[in-house]
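In what follows, a structure is listed as structure tokens, so that the remarks can point back to it.
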Amino acid sequence: MDVLPDEQETLIQETAREFFAAESTPALVRAAEKDPSRYSAALWKKIADLGWLGISLPEDCGGQGLPLTYAGLLLEEAGRAIAPVPLHGTLVAALVLARHGSAAQRALLRQVVQGELILSFAVQGLQGAWSPAAEGLTGRAEGEYVVLNGSRTFVDGFRESGHCLVLYQAEGDGVAAALVDTTSAGMRGTDYVTTAKDSQARVDFDNVRVPKSALVGEPARGAAIARDLCDYAAALMTSQLAGATRRDMEFAVEYAGQREAFGQPIGAFQAIQHLCADMLIAVDGAELLVHEALWRLDQGLPASIEVSQAKAFAGDKCIFVARSAQQIHGGIGFMMEFDLQLWYRRIVAWSLRCGSVREHRQQVAAALLEQPGKVRLGMPLVPA
Amino acid sequence: MDFTFSEEEEALRDEVQAFIKDNFTEEVLADLTTGKRGRGFGPKAAPIFRKIAERGWNAIVWPKAYGGQGGSRITQFLVEEEFYRAAQVVIGGGGTGTPAVLASGTEAQKQHYVPAAIRREIIFCQGYSEPHCGTDLAGVRCRATRTGEGDDIHYVVNGQKIYTTNAQVATHIFLLVRTDPESRRHAGLSILLVPMDTPGITVRPLLTVQNEPGGPAGTTYGEERTNEVFFDNVKVPASCLLGEEGDGWAVSQRGLNLDRVGAWRYLISVKRDEDIVNWLKSGDERAAPLKDDAAVRDKVAELWIEGQVCRLMTMRSMTIEQRGQAFNYEGAAEKVWAPEHGVRTTEAIGQMLGPHAQLLNGSPDNVQDGLYAHNLLSAFQSTVNHGSVQVMRDQIARKGLGLPKPRK
Ligand SMILES: Cc1cc2nc3c(=O)[nH]c(=O)nc-3n(C[C@H](O)[C@H](O)[C@H](O)COP(=O)(O)OP(=O)(O)OC[C@H]3O[C@@H](n4cnc5c(N)ncnc54)[C@H](O)[C@@H]3O)c2cc1C
Ligand SMILES: Cc1cc2nc3c(=O)[nH]c(=O)nc-3n(C[C@H](O)[C@H](O)[C@H](O)COP(=O)(O)OP(=O)(O)OC[C@H]3O[C@@H](n4cnc5c(N)ncnc54)[C@H](O)[C@@H]3O)c2cc1C
């Protein structure tokens, strides 16, 4: 038991922090919001050159083979600098392919690591429910093809991704996953306009013919693949969210130390100090929970409940922190020309992605209340 | 990062659980419960404590030179957790006395106090609070005057302490006194380790809201009494001084990191999270409709997740200790989050149970012998003692975040 980052983890974290601070400036973030692609290709290239896209991918896929906690720390740092790159979608899809993909799909990961292939993933249907049940998109077998019909929503980075890891309901076979070429005929993306001004899109499937070679894993493994995809996605989204929120809190603390009212820095008033203390506690809590979830995922231990705990807590608390940072900034934080809003808008969006507080709490409640036997904190729960 | 206990630690957990099963009979549990409530441990409890000490379980983390095991803080936590869960007893010699003796005592003092504390022949109570000051302890007025010469150098103590828990059973009081009458605030304070049987000490009970009826076993905030302690020309040998005279503030802080964190604080804050879930699943006919209520389910999950944060913050504190590092703000953060979580859970359970949550031990129709009602009576206590959540937040903001002190 040693729940804080060790020396090597701290080193990677600090290196990434310096890199993103220098390379992902607010000016770059603002420019990306205006760019149709919504991301910085130059920054993406630099991240790839550092080998970070393969940080937690196996060595036989061209990765560094480091534990998943490292990918989490990387996303915390990217989130901290609200880096405009499709890191989350690419890493999530790549992790699933590394674990469940065919030899050909795993071979694609070398291109991913080089920064030559961006990936996205698609889980949610038109209702927006976050669930591995894959509602809203069906696949019908037709000879050597599966034909997809329906919709996927909130697919981040769809426009720039070469392949999209799609969950669907296979007729008669339950949940399945396919790695779909995003240029396939009948597939149409429509950009959303989100609070984050990011690259989320709705994707409609109109008789999209996917070759069977594009299916991921055996049909019988569909549910497990979907579970992994949802777990990786929600956990790493929490990392990104916690990283952004910590920076947001730091802005507020810095500002409180400088801004004067009533003859002293506002940060000297106990009301502001106590708010800042609660903000720090909230960010720390989110971080501790997601570190545990990622560590368990990496160890191959059941982790869905730990992931839900982390995302539910972060979804609730990170927006509290960001809103409080706005409060501490008074009027100026509300202004477009002031950078704080760049963080606030993303924290709002990210707290809503990959499962809402309500949905994740439902998972936790079911594990607590539907499974037999007494519960004890510290003893893992089993999903219902 | 590593989020599990080692195999050896899990084996030890099994051993401790087996010990508890074999030794914590109904009679022993009853004795432990009344002891925990402040009435003193009954005759059945004493042999249990002896057996625990024989196994070294209450001194895993203390140095071998003074009768400990020289083991890990994490292992100590694990064992303490099992005993607190089983009977709400704190088995670690922890608390205020022994860690401070280890941190600031002379070699002779360490030899005198630590092994005896492990055997439970020495039990400290904590003499900090006074009627006019608790949170702001630098205002301590209790006086100790140094007099005599040669072999008879001693202090004469006059004054009063209040809320001195366990003073009625303690062998010694860990006493914060003012040794320099001209001093103000943190300067001029000293720590004396005073035997409670010294002439001139009077202990007067102060009953708490948990006094009548007493809470059932499992009440986590169930102290029925504490005390006032009066000092009337109490003559204390100079050898009872811990650390340097006038350095009492630093001595009281040193080695006391673990006073605010650890198994006990963790469990009093989270035990309710488990209790309510287990009750909802118990088949009690009042629980059945609640279990399927969407609002209850959302709340229970929210609280459970908060409880996980309590656990992880405790593990973070243990990690820092185990690494031999010092807390910056982490102990204070835990001391805000966990007690306030305990309050939120306790009050939320009250609303779930509705009118039944008022019913105390012995009342008809109560739920689990009134457990939840008794917790409602004092869960908030944990947000006041050992550093109130207000001053803990001050520490987080100033030490952890570097925010400025207010201008006067
Ligand atoms: C959209 C918008 C429209 C506006 N319209 C107008 C307008 O038409 N006319 C106009 O004159 N103004 C207007 N304002 C300005 C608004 O009234 C100010 O933003 C507000 O008074 C706060 O002042 P400030 O922004 O300077 O923040 P500050 O005064 O610097 O306050 C910053 C933070 O410090 C806190 N703080 C300050 N003192 C203390 C204390 N003693 N103890 C604890 N905390 C403290 C505040 O509560 C706040 O959270 C507008 C602002 C906005 C955002
Ligand atoms: C059951 C029980 C057992 C106890 N056991 C012991 C024991 O064994 N030994 C011992 O020495 N003491 C013990 N105490 C005393 C306990 O430590 C004190 O109650 C505590 O330190 C608070 O002191 P106080 O009661 O004098 O309240 P005060 O210090 O008067 O505080 C009153 C309120 O003012 C707030 N406050 C104070 N300063 C500030 C500030 N700067 N900013 C904002 N708010 C502030 C506090 O947070 C609190 O909410 C015990 C208390 C109880 C109830």
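Checked against the criterion of being touching a residue at least 24 places away in the same chain (Cβ under 8 Å), over 15 Å from B:ASN385 (Cα atoms) and of a type in the set (Ser, Thr, Tyr), the candidates B:THR98, B:THR135, B:THR106 yield just one match: B:THR98. Counting only strands (runs of 3 or more DSSP E) wholly contained in segment A:120-194, the ones carrying 2 or more residues that are open to solvent by less than 30 Å² (accessible area, probe 1.4 Å) occupy A:137-142, A:145-156, A:163-170, A:174-181. Of all residues in segment A:238-284, those satisfying the criterion of being more than 16 Å from ligand 2 (Cβ to nearest atom), assigned to a helix (DSSP H, G or I) and at the interface with another protein chain (Cβ under 7 Å from one of its Cβ atoms) are A:VAL253, A:ALA256, A:GLY257, A:LEU280, A:ILE281, A:ASP284. Taking segment A:298-312 as the search range and keeping residues that are of a type outside the set (S, T, N, Q) and away from chain B (no Cβ under 11 Å), which one is surrounded by the most Cβ atoms within 10 Å (Cβ to Cβ)? Among those that are of a type outside the set (S, T, N, Q) and away from chain B (no Cβ under 11 Å), it is A:VAL307.
Restricted to segment B:150-204, the set of strands (runs of 3 or more DSSP E) holding at least 1 residues that are surrounded by 17 or more Cβ atoms within 10 Å (Cβ to Cβ) and free of Cβ contacts under 8 Å to residues at least 12 places away in the same chain is empty. Closer than 15 Å to B:TRP279 by Cβ, outside any loop (DSSP other than H, G, I, E, B), away from every other protein chain (no Cβ under 14 Å) and not aromatic (Phe, Trp, Tyr) - does that describe any residue in segment B:325-348? Within segment B:325-348 (the criterion being closer than 15 Å to B:TRP279 by Cβ, outside any loop (DSSP other than H, G, I, E, B), away from every other protein chain (no Cβ under 14 Å) and not aromatic (Phe, Trp, Tyr)), the answer is yes, since at least one residue qualifies. Restricted to segment B:106-135, and to residues there that are in contact with a strand residue (DSSP E or B) (Cβ under 8 Å, 6 or more places away or on another chain) and in a helix (DSSP H, G or I), the residue that is farthest from ligand 2 (Cβ to nearest atom) is B:GLN109. For segment A:8-37, residues that are in contact with a Phe, Trp or Tyr (Cβ under 9 Å, 6 or more places away or on another chain) and closer than 18 Å to A:THR194 by Cα total 1.
In the set A:GLY315, A:GLY355, A:GLY333, A:GLY373, only one residue is more than 8 Å from chain B (Cβ to nearest Cβ) and within 16 Å of ligand 1 (Cβ to nearest atom); that residue is A:GLY333.
Annotation note: Cβ proximity below 8 Å between a residue of segment A:127-152 that is of a type in the set (Val, Ile, Thr) and a residue that is part of a loop (DSSP other than H, G, I, E, B) and open to solvent by 60 Å² or more (accessible area, probe 1.4 Å) (sequence gap 6+ or interchain) occurs for A:THR138/A:GLU171. Residues to consider are B:ALA250, B:ALA263; find the one that is at pLDDT below 95 and buried (at least 21 other Cβ atoms within 10 Å of the Cβ). On inspection, the qualifying residue turns out to be B:ALA263. When B:ILE276, B:ILE305 are checked against the criterion of being part of a helix (DSSP H, G or I), crowded, with 20+ Cβ neighbours inside 10 Å, in contact with a Lys or Arg (Cβ under 9 Å, 6 or more places away or on another chain) and assigned by TED's automatic domain parsing to the domain that holds B:ASN375, B:ILE305 stands alone in meeting it.
So, in segment A:255-266, how many residues would count as being within 34 Å of the chain's Cα centre (by Cα) and farther than 12 Å from A:HIS329 by Cβ? Here the count works out to 1. Scanning segment A:318-330 for residues that are within 14 Å of chain B (Cβ to nearest Cβ), open to solvent by less than 20 Å² (accessible area, probe 1.4 Å) and within 16 Å of ligand 1 (Cβ to nearest atom) returns A:VAL321, A:SER324, A:ALA325, A:ILE328. Checking segment B:205-214 against the condition returns no match, with no residue being at positive phi and surrounded by fewer than 18 Cβ atoms within 10 Å (Cβ to Cβ). Within segment B:387-402, not a single residue is more than 14 Å from chain A (Cβ to nearest Cβ) and open to solvent by 50 Å² or more (accessible area, probe 1.4 Å). Against the condition touching a strand residue (DSSP E or B) at 6+ places or on another chain (Cβ under 7 Å) and away from chain B (no Cβ under 14 Å), how does A:ARG345 come out, does it pass? Here the answer is no, as A:ARG345 does not meet what is asked.
Go through A:LEU4, A:LEU95, A:LEU73 for me and flag whichever is surrounded by 17 or more Cβ atoms within 10 Å (Cβ to Cβ) and without any contact (Cβ under 8 Å) to a residue 40 or more places away in the chain. Outline the logic, then answer.
Details: A:LEU95 fails: without any contact (Cβ under 8 Å) to a residue 40 or more places away in the chain; A:LEU73 fails: without any contact (Cβ under 8 Å) to a residue 40 or more places away in the chain.
Answer to the check: A:LEU4.
Scanning segment A:285-297 for residues that are more than 9 Å from every other protein chain (Cβ to nearest Cβ) and touching a Ser or Thr at 6+ places or on another chain (Cβ under 6 Å) returns a single hit, A:VAL290.
Yes/no per residue for (1) within 16 Å of ligand 2 (Cβ to nearest atom); (2) in contact with a Ser or Thr (Cβ under 7 Å, 6 or more places away or on another chain):
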residue: B:LEU353; (1), (2): no, no
residue: B:ASN361; (1), (2): no, no
residue: B:LEU376; (1), (2): yes, yes
residue: B:GLN381; (1), (2): yes, no
residue: B:LEU403; (1), (2): yes, no
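Residue count for segment B:220-238 under the criterion of being open to solvent by less than 20 Å² (accessible area, probe 1.4 Å), within 13 Å of ligand 2 (Cβ to nearest atom) and at pLDDT 85 or above: the result is 4. For segment B:252-277, name all the residues that are free of Cβ contacts under 8 Å to residues at least 60 places away in the same chain and away from chain A (no Cβ under 11 Å). Selection gives B:GLN253 alone.
When each of B:LEU312, B:LEU359, B:LEU280 is tested for being more than 10 Å from every other protein chain (Cβ to nearest Cβ), touching a helix residue (DSSP H, G or I) at 6+ places or on another chain (Cβ under 8 Å) and not basic (Lys, Arg), the lone residue that passes is B:LEU359. When each of B:VAL79, B:VAL114, B:VAL90 is tested for being open to solvent by 20 Å² or more (accessible area, probe 1.4 Å) and in contact with a Phe, Trp or Tyr (Cβ under 6 Å, 6 or more places away or on another chain), the lone residue that passes is B:VAL90. For segment A:107-130, the set of residues classified as of a type in the set (Gly, Ala, Ser) and closer than 13 Å to A:ALA176 by Cα consists of A:ALA122 only.
The values are calculated or read from the model by the stated rules, or taken from the named source; none is laboratory data. For clarity, every value in this text was computed on a predicted model and none was experimentally measured. Backbone-built Cβ (ideal geometry, glycine too); neighbour counts: all protein chains shown. Quick note on the areas: whole protein, heavy atoms, side chains included, nothing else; ligands and nucleic acids left out. Shrake-Rupley method; radii C 1.70, N 1.55, O 1.52, S 1.80 Å.
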